[in-house]
Every structure is written in structure tokens, then in C-alpha cells.
Amino acid sequence: MEHPVIKINVKGFGTMTAELYPEVAPLTVANFLKLARENFFDGLIFHRVISGFMLQGGGYDEQMEERNTDAIKGEFAANGFQQNKLKHTRGVLSMARTSDPNSASSQFFIMHAPAPYLDGQYAGFGKVIKGDEVIDKIAAVQTGNYGWYMQDVPVDPVVIETVEIVSE
């Protein structure tokens with residue numbers, strides 16, 4: 001099976017190429033591709049960066065204004081979706097969510113290091129296949145708090161210039 005391929009172009013950091021796995025998380029992949037086609041991610045930031053864990057983006061712009069979109073069903077085992085067996089290893093793309101298992105919308109994260117305790121709890125849906133060094137560069141940025149409610153925010157914005165669909 002040919003997997004859809006995307007490029008995440010990050011201003012000043014480089015490009016990460018990832019393949020997406022619709023056989024693992026079909027709704028999640030379809031949602032991500034739809035948002036990419038709509039240029040939803042362009043200009044958004046990685047707003048939460050934790051070295052040795054993950055990089056989270058796809059929900060806020062440089063002014064920390066949230067960009068919302070519709071939520072989808074969480075495609076992971078703890079939510080009754082058994083076919084997603086993707087492990088949260090380095091480079092895996094997964095959907096961020098609140099405590100509501102069906103709250104994933106546009107925010108995603110890229111694993112900097114393995115986190116097996118996330119397996120079956122979050123919808124993994126792809127993996128970085130090129131540009132691994134970009135993950136490390138982003139993970140190394142200085143972070144701090146943004147107000148009282150958000151931690152691990154890069155001091156200098158890490159901007160997603162585009163999410164480009166290479167093949168579907």
C-alpha cells in the first residue's frame with residue numbers, strides 16, 4: 001500500500017517528510033490531509049516543545065491565538081478502536097487531545113523520544129521518514145511559560161510555514 005506523504009516545512013529549521021498510515025487511523029489521516037489541503041496549518045506554531053518527549057503544534061499562531069476546527073473520533077485502543085497498534089516511538093505523529101477521547105481536531109505531536117505509555121491512549125497516524133535532524137533542532141529550543149496556563153512554549157516562535165501534500 002502506498003502511504004500518503006507530507007512535508008512539514010518549519011521556518012528556519014528545515015523540512016520533515018512524513019508518511020501517513022490510513023490503515024491505522026483512517027479518520028485521523030483524512031482529517032489531517034483535509035486540513036493540509038485547506039492550508040490550515042500554514043503560519044501555526046509548535047507551541048509546546050519538551051525535549052526527550054515531543055513537539056506539539058497545529059493549534060496556535062505566533063500571537064498565541066488558537067485556531068479551532070471540528071473534533072474527530074479518537075482512533076486508539078482505550079477509546080474502543082483496536083486497529084491502531086502504532087507505537088509512540090521517535091518520529092511518530094500522533095493527535096493531541098484533551099481528557100475527552102473524541103476531542104482531537106488539528107493539534108498533533110511528533111515524538112522526540114519513545115513514550116510507550118502513550119500507546120493505545122492517543123491516535124498515532126504517521127511517522128517522520130526524512131528530516132529527523134529537524135526534530136532534534138526544534139527539541140533544543142529554549143522554552144518558558146506563556147501566562148499561567150501554558151508551559152514549555154518556545155521563547156522564539158517555531159513556525160510551520162506549510163504542510164504540503166506530496167502524494168495521497
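Taken over the range 67-97, residues that are over 19 Å from GLY57 (Cα atoms), free of Cβ contacts under 8 Å to residues at least 60 places away in the same chain and of a type in the set (A, V, I, L, M, F, W, C) amount to 4.
Taking the conditions (1) buried (at least 20 other Cβ atoms within 10 Å of the Cβ); (2) within 26 Å of ASN39 (Cα to Cα); (3) not hydroxyl-bearing (Ser, Thr, Tyr) in turn, ASN84 satisfies each one other than (2).
Restricting the search to the range 146-168, which residues are out of contact with any strand residue (DSSP E or B) (no Cβ under 6 Å at 6 or more places or on another chain) and over 25 Å from THR15 (Cα atoms)? Working first, answer last.
Within the range 146-168, the subset out of contact with any strand residue (DSSP E or B) (no Cβ under 6 Å at 6 or more places or on another chain) is 147-150, 156, 168.
Those that are out of contact with any strand residue (DSSP E or B) (no Cβ under 6 Å at 6 or more places or on another chain) and over 25 Å from THR15 (Cα atoms): GLY147, TRP148, TYR149, MET150.
Does GLU75 satisfy being farther than 18 Å from ARG48 by Cα, of a type outside the set (Ser, Thr, Tyr) and in contact with a Phe, Trp or Tyr (Cβ under 6 Å, 6 or more places away or on another chain)?
Numbers: farther than 18 Å from ARG48 by Cα: yes; of a type outside the set (Ser, Thr, Tyr): yes; in contact with a Phe, Trp or Tyr (Cβ under 6 Å, 6 or more places away or on another chain): yes.
Criteria met by GLU75.
What tally of residues in the range 95-118 results from selecting those that are over 19 Å from SER51 (Cα atoms) and not polar (S, T, N, Q)? Even if it seems obvious, please write down each step before you answer.
Just the residues of the range 95-118 that are over 19 Å from SER51 (Cα atoms), to begin with: 97-106.
Subsequent filtering for residues that are not polar (S, T, N, Q) retains 97, 100-101, 104.
Residues that pass the stated criteria total 4.
When VAL153 is tested against (1) in a loop (DSSP other than H, G, I, E, B); (2) farther than 23 Å from ALA25 by Cα; (3) in contact (Cβ under 8 Å) with a residue 24 or more places away in the chain; (4) hydrophobic (A, V, I, L, M, F, W, C), exactly one condition is not met: (1).
Every read-out reported here was derived from the displayed coordinates using simple, explicitly stated rules and does not represent laboratory data. Given the structure is predicted, the values throughout are model-derived calculations rather than measurements. Cβ atoms come from the backbone with ideal geometry, glycine included; neighbour counts cover every protein chain shown.
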